[in-house]
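Taking it in order: structure first as structure tokens, then the write-up.
The values are calculated or read from the model by the stated rules, or taken from the named source; none is laboratory data. Since the model is a prediction, treat every value here as computed from it, not as a measurement. A quick note on method: Cβ atoms are made from the backbone with ideal geometry, for glycine too, and the neighbour counts reach across all protein chains shown. Remember, those area values only see protein heavy atoms, side chains included, never the ligands or the DNA or RNA. Shrake-Rupley method; radii C 1.70, N 1.55, O 1.52, S 1.80 Å.
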Amino acid sequence: MIELSPAENRTFFFWHVFVEGLRPGVCYTWRVDGPADTQRDGGSFNPRKELVDPWARAVTDALWDRRRAADPLDAGHASFRAVVAGPPQVRGPIAPRGLDGAIVYELHVGGFTRHPASGVKHPGTFAGLIEKIPYLRELGVTHVELLPVMAFDEQDVPASVAARGLRNFWGYSTHSFYSPHPRYCVDPAHAGREFRSLTDALHDAGIGVLLDVAFNHTAEGGAGGPMINFKGIANDVVYHLDPADRRRYRDFTGCGNTVNCNHPLVTAFIVQCLEYWVEALGVDGFRFDLASVFARGPGGEPMTDPPLPWAIESSHVLSRVPLIAEAWDAAGLYQVGTFPGMAWAEWNGRYRDVLRRFVRGDSGLAGELAARIAGSADLYADDGRLPGNSVNFVTCHDGFTLYDLVSHDRKHNEANGEDNRDGTDDNASWNCGAEGETSDPAVLALRQRQAKNFMAILMLSRGVPMMLAGDEVLRTQGGNNNAWCQDNARAWFDWTLADTNRDMLRFTRTLIALRRRHACLTVNRFFDGKPVPGRGIADIAWHGVRLDAPPWDSGEDRFLRFTIAGRAPDEADLHVICNMSDRTVEAALPSISGRRWHLALDTSQVPPADIVPPDQQRPLSATGYSASPRSVIALEARA
């Protein structure tokens, strides 16, 4: 044991010591003592407890016992341990990979390769994901967004969940923000090197790396939670505490505590941590979980100009990378379209909600759907932001998978051990005529068509599309819309589906290729409705059943279509038809001088006619197109 002296080992707020001769692989912990009057000052010191270093570059959970760590009288060796780690092998600075033209693929590092069918050497690890990079390249995505990879507590689950042998799977229970999660490493002592090997391999394949990070709360939970690090070092600084009783934690996250993000020391910690992941570990950007917590002041009140978001986007390092906010928190602060700062993109929850309802068949949505397809100018244009600030999505880790969205009217979370109380009840889903598994061929065909409808509209919208890993092969979780504790086949990527549902995989690959060849879909600017030079048509025109008659105030608002002018000289113009009504609609096509329409996709057609690459397309002989019920059609006009 090494005792620290205030005279030699403390500078202002910081304690420090240099220990000679420690080699990589050596484990260490801290013990901290101080005033014990928690009701008066919010301190939470306990010299019995071993604490993991919050700045540790690698950690191990080999001895971790959450129950014992939560017992204030237990002085045993049950803590996480910091591991002395050598520096990651850095190849040098990388060119920032922004979100212009991006197609984001949200995946779970562990769940992506743990299924026996993955065939990788080290399932569930960074190394295992490296082996699947060829699949990602062939799919055509430009970025992966990794669910939390910072070290988290897998034992952080309620007792009823633990009784079923389940553990924290998603990883939103971080404790060591500088360290990659040890279970994703082949050798945790080389965590940084293994993660950097992943980012380098993805960059070599032309794929950017975004991290989903949870700085809004920690694994230490509330008053009854374990002491891991922050509680025993700077409890009154790091967390929002109840001013009437500073033993109580204010909870705006639903996880027992809330990080006091706008305290100057906490702000500095978060910014420096993010910079480390960019500079040392090669990360290209971040998605921030429950980011509206960043807007809360010392008393939990929303702030107009909170320091942390501005500090992040003002950092010399972080100003060059994408910053994506989940612009809400668990206490009701919803900031989609109004998240503080200028550089921030947002998960566009309003896009998700209106698209789900429209494809389900709800009426009265055509106007808002058009706004979302066009990049959500009503949310972002007023403060100078652009379509690239809108991350559009239909599904994500939190909720139904795409196939479950079209297979279930209600959630089925019984396997989680919480009597189906967890997870949202508001899914805007439709089971297409039968709940869950069925052998009815008509229901199965409709489900596949609806899945294609969702994917098609997503890829034909301005903004940044994000898709959930496995949606391209119709992965199911059996109707579980909250698989946070399901580290098993229910939530893993089943690689046999790449063959079973190869038609959907082919559709998605070809659809992504269609998006990537159309600058008119990926350009980061809003439509203005003005004629495009050299095209003879406006940059966008909206239609209903009749041309140039959008269905804003009609009773036929489950039928929406639009024409987009190409931007590049050799780029085709696009005409998109979305028919979510129950009847076939005969739709006259706009006439463009010197060009003929070619069918690119029709979700009502039997594969492979459902989507056709340009070299296989044939010009249409008719001046109209028959749009089948519940279908999306895209036509390309070229000479």
Value at 222 nm in deg cm²/dmol, rounded to 500, when DSSP H runs of n ≥ 4 in the chain each add -39,500 (n - 2.57): -6500 deg cm²/dmol
If each of residue 67 and residue 16 carries a label point 7 Å out from its Cα toward its Cβ, how far apart are those two points in nm? 4.2
Can you check what the net charge comes to around residue 414, using other residues whose Cβ is under 11 Å from the Cβ of residue 414 (Lys, Arg +1; Asp, Glu -1)? 0
Kindly state, to the nearest 0.05, the FRET efficiency for residue 549 paired with residue 488, given R0 = 41 Å and r defined as their beta-carbon distance. 0.20
Among 568, 544, 623, flag the residue with its Cα farthest along the positive direction of the charge dipole of segment 493-639, charges on Cβ as +1 for Lys/Arg and -1 for Asp/Glu. 568
If the cut-off is 23 Å between C-alpha atoms, which lysines fall inside it for residue 452, apart from same-chain ones fewer than 8 positions away? 411
What figure, in Å² to the nearest 10, do you get for the accessible area of residue 172 with a 1.4 Å probe and non-protein molecules left out? 30
So which GluC sites (Glu not before Pro) in segment 1-91 end up in coil per DSSP with only 12 or fewer other C-beta atoms within 10 Å? 3, 20
Please compute the length gained on full extension between residue 338 and residue 164, using 0.36 nm multiplied by the number of residues separating them and subtracting their Cα-Cα distance. 58.5 nm
Just how large is the dipole of segment 210-256 about the Cα centre, in debye to the nearest 20, putting +1 at every Lys and Arg Cβ and -1 at every Asp and Glu Cβ? 140
Shape box of the chain [Cα atoms, principal axes, largest first, Å]: 86, 50, 49
Heavy-atom SASA rank of 459, 227, 342 (probe 1.4 Å, accessible area, largest first): 342, 227, 459
If you bin the C-alpha pair distances of segment 66-160 every 10 Å from 0, what whole percents do you get? 11, 28, 32, 19, 8, 1
Using DSSP to define loop residues, name the trypsin sites (Lys or Arg not before Pro) in segment 116-154 whose beta-carbon has at most 15 other beta-carbon atoms within 10 Å. 121
If you count the DSSP beta bridges with both ends in the chain, what percent of them are antiparallel, to the nearest 5? 65
Student exercise, the chain dipole from Lys, Arg, Asp, Glu Cβ charges, in Debye to nearest 20: 1260
Run the quick spin-label model on residue 304 and residue 9: label points 7 Å from Cα toward the beta carbon, then report their separation in nm to one decimal. 4.6
Rounded if a/c is under 1.5, else prolate if a/b is larger than b/c, else oblate: which is segment 303-410, with a ≥ b ≥ c the root eigenvalues of its Cα gyration tensor? prolate
Can you give the FRET efficiency to the nearest 0.05 for residue 319 and residue 588, using r as the Cβ-Cβ distance and R₀ = 51 Å? 0.55
Between residue 424 and residue 75, how high is the FRET efficiency from 1/(1 + (r/R0)^6) when r is the Cβ-Cβ distance and R₀ = 35 Å? Nearest 0.05. 0.25
Just want to confirm a number: the relative contact order over segment 480-622, from Cα pairs under 8 angstrom separated by 6+ residues, in percent. 17
Translational D in µm²/s for segment 1-143 (Stokes-Einstein at 20 °C, 1.002 mPa s, Kirkwood Rh from C-alpha pairs): 108
Projecting the Cα atoms of 431, 441, 464 onto the charge dipole of segment 418-498, where Lys and Arg contribute +1 and Asp and Glu -1 at Cβ, the residue farthest towards the positive end is 464
Taking a quarter of the surface of the Cα convex hull of segment 518-639, what do you get in nm²? 7.7
What distance in nm separates the simple spin-label points at residue 378 and residue 530, each placed 7 Å from Cα in the Cβ direction? 2.4
Using a 1.4 Å probe and counting only protein heavy atoms, arrange 625, 334, 380 so the residue with the most accessible area comes first. 334, 625, 380
Where only alpha carbons of segment 596-639 are counted, the Rg and the Dmax (Å): 10.1, 30
Three-way shape label, segment 218-355, alpha-carbon gyration tensor, a/c 1.5: oblate
Dimensions in Å of segment 569-619 - Rg and Dmax from alpha carbons: 12.5, 38
P(r) tail fraction, segment 232-272 - alpha-carbon pairs more than 11 Å apart, %: 64
Share of Cα-Cα pairs in segment 182-229 beyond 16 Å, whole percent, is 62
Each residue of segment 153-159 in order: what ³J(HN,Hα) in whole Hz does its phi give by Karplus 6.51 cos²θ - 1.76 cosθ + 1.60, θ = phi - 60°, with x for Gly and Pro? 8, 6, 8, 7, 9, x, 4
How would you classify segment 389-492 from its alpha-carbon gyration tensor, with a ≥ b ≥ c the square roots of the eigenvalues: rounded for a/c under 1.5, else prolate if a/b is greater than b/c, otherwise oblate? oblate
Can you list which of the chymotrypsin sites (Phe, Trp or Tyr not before Pro) found in segment 469-562 are DSSP loop residues with at most 16 other C-beta atoms within 10 Å? 552
Before anything else, pin down the relative contact order of segment 461-505: Cα pairs under 8 Å, at least 6 apart, normalised by residue count, whole percent. 46
If one takes the longest principal axis of the Cα atoms in the chain, at what angle in degrees, from 0 to 90 and to the nearest 10, does the Cα axis of helix 502-516 lie? 90
In segment 45-179, taking the dipole from +1 charges on Lys and Arg beta carbons and -1 charges on Asp and Glu beta carbons about the Cα centre, the listed residue (129, 46, 107) farthest towards the positive end is 129
On a 1.4 Å probe surface of the protein chains, which of 66, 247 comes out largest in accessible area, and what is the full order? 247, 66
